[in-house]
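Note sheet for the following structure.
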Amino acid sequence: MLTNGVVHANVFGVRDWVTPHKMALLVLLSELGRAGPQLGLLERRRLNRLLLPLLQGPDMALSRLRKAIEECCPQLAGSVHIRLKLMAEGELKDMEQFFDDLSDSFSGTEPEVHKTSVVGLFLRHMILAYNKLSFSQVYKLYTALQQYFQKDEKKDGADENEMELTNPEELDGKMEKEELDGPLREEEIACSGPLSQKQAEYFLSQQASLLKNDETKALAPASLQKELNNLLKFNPDFAEAHYLSYLNNLRVQDVFSSTHSLLHYFDRLILTGAESKSNGDEGYGRSLRYAALNLAALHCRFGHYQQAELALQEAIRIAQESNDHVCLQHCLVRALYVFFPSSQYLASLGIQSLVQQRAFAGKAANKLMDALKDSDLLHWKHSLSELIDISIAQKTAIWRLYGRSTMALQQAQTLLSMNSLEAVNVGVQQNNTESFAVVLCHLAELHAEQGYFAAASEILKHLKERFPPNSQHAQLWMLFDQKIQFERAMNDGRYHVADSLVAGITALNSIEGVYRKAIVLKAQNQMSEAHKLLQKLLIHLLKPLCSD
């Protein structure tokens, strides 16, 4: 079967297969071995750094591959192009001879490539995959290689024509922009066909890491979902792809799709036996109780506390039967979140949830800070970066709740000036957590309260850049942006503008929307309507206390 230039007989049973892109990589490795000592030390280092993402990453166009090689070694890029051209414009026997010659890399007392190295394993996989092809599949691969090379030739011809028609000044600007671009951008190497297992695992781990550490550098939700659907089309039982789809759907607040993907993840995990292999005979039960626990967390995320309570009860029941104390501890923390709901993400210790509830009940600020201080000592002792960030963000919110703007500003600045304790890759933002977004939002509102709307606007602009509208924490700054605009309109006496903003606030937070509507009605001297809304709001807020 031939799909997007990929020749394979059985997608689900083959770990790797030959593609035109991988043949180009084989030519690169062959020419690299031929060059030997002719290459300078700096060029060889650049090529070695380039090889790993090329071998592990998805297939890319030949033009993009050539550009990446040219940035490391222009001479080698020319040799690779000539070798591919001879093979693509030659005969089928030339490709056969090329694969026969690859085996020579392992021969001799001092072979060019070690069999167990990354490059050696790649060569062996390609040779083995090629030898398993039938004659018709070999011919299809050769045809795909010709098409792969011809597309690059046509693109070069179009680029030359464009250069002739372009002014020299415009061309210099264009070249400068291309030089600033990195050699391997995710948008340009996004997978368009079926990936091998290693390529798929690399793609998924890379995107999952970006979603956790720097969501702005991950693929856009629509693009990422398209790639995941492409992966699942060729292997529907790929559990990790379902889980990344679950995380991706959470970014856009799609409750149906995220629930669907989460359930499929645990179903596939059990079907493939991946969980039981690492956890013995007890693996299936572990998947079931953690599936219920994750489902409870998902419902909490969307405010479905009744469904979350039912899922928690199921997780607790299975965990008790299996005597899983770790799962029970997770259930306890999640239970505190269900029964004491709040606007911030509390995936940490129960004491933080308790402190927040005591703040809402009007307890003294010094007692709340003492409780947080005791928990902070443990967080710093064990370098729990996420819990430290949550604690500081919580202190900022508590001081604002008590009207202490100076103390709130101090806590906000403390978190902004901190470096993350977690090791992250170079070029990845260290602070893209919900706590960081909360503190920045409070900082913007503090400036707005003092009349510095220009400064508040700059902070919100930074928030929009760091947390785009399709990111999972974007609703925070959206709500604060609407609230700041509302307060500014009320201060200016533009009640009709403030009233138009109520709908947007209500869509993001229904309680805030009702409260703001009451403020507008009061300002318009509609006291009875405002009183009715405030009475309904008060009854709604007292319901959790009455049930306790």
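The values are calculated or read from the model by the stated rules, or taken from the named source; none is laboratory data. In this text the structure is predicted, and so the values were computed from the model without any measurement. All Cβ positions, even for glycine, are placed from backbone atoms using ideal geometry, and neighbour counts span all protein chains on display. For the accessible areas, the whole protein counts, side chains as well, though only heavy atoms, and no ligand, DNA or RNA atoms are used. Shrake-Rupley method; radii C 1.70, N 1.55, O 1.52, S 1.80 Å.
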| message | Through the Karplus equation 6.51 cos²θ - 1.76 cosθ + 1.60, θ set to phi - 60°, convert the phi angles of segment 385-394 into ³J(HN,Hα) values in whole Hz; use x for Gly and Pro. | response | 4, 5, 5, 5, 4, 5, 5, 5, 4, 5
| request: Please turn the phi angles of segment 248-256 into ³J(HN,Hα) values with the Karplus equation 6.51 cos²θ - 1.76 cosθ + 1.60 (θ = phi - 60°), one per residue in order, whole Hz, x for glycine and proline. | output: 5, 5, 5, 4, 9, 6, 8, 5, 5
| said: Going by average Cβ density within 10 Å per residue, which order do the peptides 448-458, 135-145 take, highest to lowest? | reply: 135-145, 448-458
| query | Looking at segment 35-94, which GluC sites (Glu not before Pro) are in a loop (DSSP not H, G, I, E or B) and have at most 12 other Cβ atoms within 10 Å? | reply | GLU91
| note | Computed about the Cα centre, the charge dipole of segment 198-245 from +1 Lys/Arg and -1 Asp/Glu charges at the Cβ has a magnitude in debye, to the nearest 20, of 100 debye
| task | With a ≥ b ≥ c taken as the square roots of the eigenvalues of the C-alpha gyration tensor of segment 71-153, please select rounded if a/c is under 1.5 and otherwise prolate if a/b is larger than b/c or oblate if it is not? | result | oblate
| note | Lys and Arg at +1, Asp and Glu at -1: neighbours of GLN410 with Cβ under 12 Å from its Cβ sum to +3
| Where trypsin sites (Lys or Arg not before Pro) fall in DSSP loop in segment 459-530, at most 16 other Cβ within 10 Å | ARG494
| task | Could you do me a favour and compute the accessible area per residue for segment 449-516, 1.4 Å probe, result in Å²? | result | 53 Å²
| remark: Counting only residues 5 or more apart in sequence or on a different chain, those whose built amide H sits under 5 Å from that of LEU219 are none
